[in-house]
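Read the structure below first, then the notes.
The values are calculated or read from the model by the stated rules, or taken from the named source; none is laboratory data. Being a predicted model, the structure only gives us computed values, none of them experimental. For neighbour counting, all protein chains shown are included, and Cβ atoms are generated from backbone atoms with ideal geometry for every residue, glycine included. Calculation scope for accessible area: heavy atoms of the full protein, side chains included, ligands and nucleic acids excluded. Shrake-Rupley method; radii C 1.70, N 1.55, O 1.52, S 1.80 Å.
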Amino acid sequence: MFKKVFPLSAILSLRFLGLFLVLPVISIYAASMTDNLLLVGIIVGGYALTQAIFQVPFGVMSDKIGRKPTLLVGLIIFLIGSLIAAFATDIYTLMLGRFLQGAGAIGSVITAMISDLVEEEVRGKAMAIMGATIALSFAIAMGLGPVIGAKFGVDTLFIITAGLAVFAMILLFTKVPTPPRIKHTYHKSAKTSDILKDPNLLNMIIINAMQKGLMTVAFVLIPIILTSDAFAWQKSDLYMAYLPAMLLGLIAMGPAAVFGEKHNKPKQIFLISIVLFIGSFLMMGLTTSSTLFIVAVSMFFVAFNMMEPLVQSMITKFAKVHQKGAALGISNSVAYFATFIGGTLAGLMLDISDRETIGISVAVLATAWLLWTLKLQNPTKYSHLFVSQDLVEADKLNELEHEHIAEWYVNETENLVVVKYVTDAIDEEELKAKISK
């Protein structure tokens, strides 16, 4: 399983690594090209706008022409955007490069390809590996981006990003097998619109959007505030804020994932994270101490990294099996729009307001988010029964209804029947007997 999943996870992570490398310093880079801080905010979050727009078209294209060709198209667009941004000499050319970087929206295609390649029983673990590699790429970028950007220039970061795209293409054609087409028959059909009617899924979509939106707000504010007259840092000093924050965020990620996943307490992790978000933006807006500002940045990174491993996982746990792709697609598209809006609004507010007002405003918004999240429920713990279709009586399966059985489906390609049931309520052997010939 790992050999199938890791190359695809690496391709997606290399792309995200390239996008994340520039985040800690791009607002200063863009500000050197214009006095319009609204444009600076658009530059920071611009990739997310086109990423949101092209998620679905790339998914549809992959169904029609195949996963590998679609991934290649996306990586080529990402490569071109990175090179344009690297050699940009004005704000609008840089904006074009950022928009093209996001237009290569291959995330949904890779998720679908992992589902095609990996056996049913281990797909949950496969998605967890993919999520972990993305989180790791974020952590690495936060450590390396400010250092490389200060020493060699932000344009060098974009060139590195282009190189990562080329490396991802090599991996695509040397390590990734061509996937089979998987056909499923599902227990019950449901409309995509039902996703937004599920209160827990709606909560997770909001959590994902707010987390990503606040990320771009932070990456607009942090470098600009630290290098402003308020603190008068040099660009080369920014690593002193990002490095401890990144390390603390990495340390916090592990316990949060264990507590959220193994102990099934994601709601508690989300609430703690939101409280840290509130505190971090209040402190960033109000403090006049460099030390306290670094503490605020660290609080932000801890909050972000505590949430990150759990968000995608919780969406797949709340969604019906045949709606997981749609639920992730909707959630990620909304999150990308929020990423763009967060950067744009942060730039606009810097143009028309002061950092104290911005910090308090974001904290008030996050407080409303905290109150909304109180409605979230921790997911029910389910197990999956996997039985060969040859051993199952079709009529018994069609009549299978129980309050503790969430759903069942048939993977026709792998000749497998899968039943999702409440772990502590049903004995697996009894369940197997109910549907066996």
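For Phe173 and His263 in one chain, what is 0.36 nm times their gap in residues minus the Cα-Cα distance, to one decimal in nm? Working shown, then result.
Details: separation 90, 0.36 × 90 = 32.40 nm, distance 3.96 nm.
Length gained, Phe173 through His263: 28.4 nm.
Between Gln234 and Val275, what is the label-point separation in nm under the 7 Å Cα-to-beta-carbon projection?
4.0
With θ set to phi - 60° and the Karplus curve 6.51 cos²θ - 1.76 cosθ + 1.60, what are the ³J(HN,Hα) couplings of region 236-253 in order, to the nearest whole Hz, using x for Gly and Pro?
Taking θ as phi minus 60°, the curve returns 5, 8, 4, 4, 5, 8, 6, 5, x, 5, 5, 5, 5, x, 4, 4, 6, 4 Hz for region 236-253.
Put a dot 7 Å past each Cα toward the Cβ at Ser289 and Ala394; how far apart are the dots in nm?
Spacing of the two 7 Å Cα→Cβ label points: 7.3 nm.
By average Cβ neighbour count within 10 Å, what is the ranking of 38-46, 130-138, 301-309 from highest down? Present the calculation step by step, with values, prior to reporting the outcome.
Values: 38-46: 26.7, 130-138: 20.4, 301-309: 24.9.
Most protected by this proxy first, the peptides run 38-46, 301-309, 130-138.
Using only Cα atoms, locate the centre of region 234-295 and the centre of region 22-41, then give the distance between them in Å, rounded to an integer.
23
Would you calculate, for the chain, the mean residue ellipticity at 222 nm contributed by helices, counting each DSSP H stretch of 4 or more residues as -39,500 (n - 2.57) and dividing by all residues, to the nearest 500? All intermediate terms of the calculation are to be shown ahead of the outcome.
Values: 17 runs with 314 residues, N = 437.
Value at 222 nm, helices only, nearest 500: -24500 deg cm²/dmol.
Which whole-number value in Å² is the accessible area per residue of the chain, probe 1.4 Å?
On the way: 18240 Å² over 437 residues.
In whole numbers, the chain has 42 Å² accessible per residue.
Starting from the 7 Å offset along Cα-to-Cβ, what nm value, one decimal, do you get for the label separation of Ser32 and Phe87?
In this crude spin-label approximation the distance works out to 1.9 nm.
Order these peptides, 87-99, 236-248, 368-380, by their mean beta-carbon neighbour count within 10 angstrom, highest first. Walk me through the intermediate numbers first.
Values: 87-99: 17.8, 236-248: 19.5, 368-380: 14.4.
Result, highest mean first: 236-248, 87-99, 368-380.
When N counts the residues of region 266-404, how does its alpha-carbon radius of gyration compare numerically with 2.2 N^0.38 Å, as a ratio? Could you put the intermediate results ahead of the total?
Working: Rg = 21.2 Å, N = 139, 2.2 N^0.38 = 14.3 Å.
Normalised Cα radius of gyration, region 266-404: 1.48.
Percent of Cα-Cα pairs more than 18 Å apart in region 208-264, please. Could you put the intermediate results ahead of the total?
Details: 846 of 1596 pairs.
Result: 53 percent of Cα pairs exceed 18 Å.
How big is the Rg/Rh ratio for region 305-353, C-alpha atoms only, Rh by Kirkwood, two decimals?
1.18
Under Stokes-Einstein, with the Kirkwood radius over Cα pairs standing in for Rh, what whole-number D in µm²/s applies to region 41-184 at 25 °C and 0.890 mPa s? Please list the in-between numbers first.
Numbers: Rh = 16.3 Å.
For the chosen part, D equals 150 µm²/s.
Can you match Rg/Rh (Cα atoms, Kirkwood Rh) to one of these, (1) 1.16; (2) 1.00; (3) 0.98, based on a calculation from the structure here?
It is the value labelled (2).
Taking all pairs of distinct Cα atoms, average 1/r, flip it, and tell me the Kirkwood hydrodynamic radius of region 157-273 in Å to one decimal place. Provide the component values of the computation, followed by the final result.
Working: mean 1/r = 0.0513 Å⁻¹.
Its Kirkwood hydrodynamic radius stands at 19.5 Å.
What order, most packed first, do the peptides 147-156, 270-279, 352-361 have when packing is the mean number of other Cβ atoms within 10 Å of each residue? Mind showing how you got there, number by number?
Working: 147-156: 17.0, 270-279: 21.0, 352-361: 14.7.
Ranking the peptides 147-156, 270-279, 352-361 by packing returns 270-279, 147-156, 352-361.
With an 8 Å Cα cut-off and a minimum separation of 6 or more residues, compute the relative contact order for the chain in percent. Write out the running numbers ahead of the final one.
Working: 739 pairs, mean separation 98.4, N = 437.
After rounding, I find 23 percent.
Among Lys212/Lys375; Lys381/Lys432; Lys3/Lys151; Lys265/Lys437; Lys68/Lys420; Lys262/Lys375, which pairs are too far apart, with a Cα-Cα distance over 27 Å? Walk me through the intermediate numbers first.
Values: Lys212/Lys375 20 Å; Lys381/Lys432 19 Å; Lys3/Lys151 36 Å; Lys265/Lys437 39 Å; Lys68/Lys420 31 Å; Lys262/Lys375 21 Å.
Too far apart for the 27 Å limit: Lys3/Lys151; Lys265/Lys437; Lys68/Lys420.
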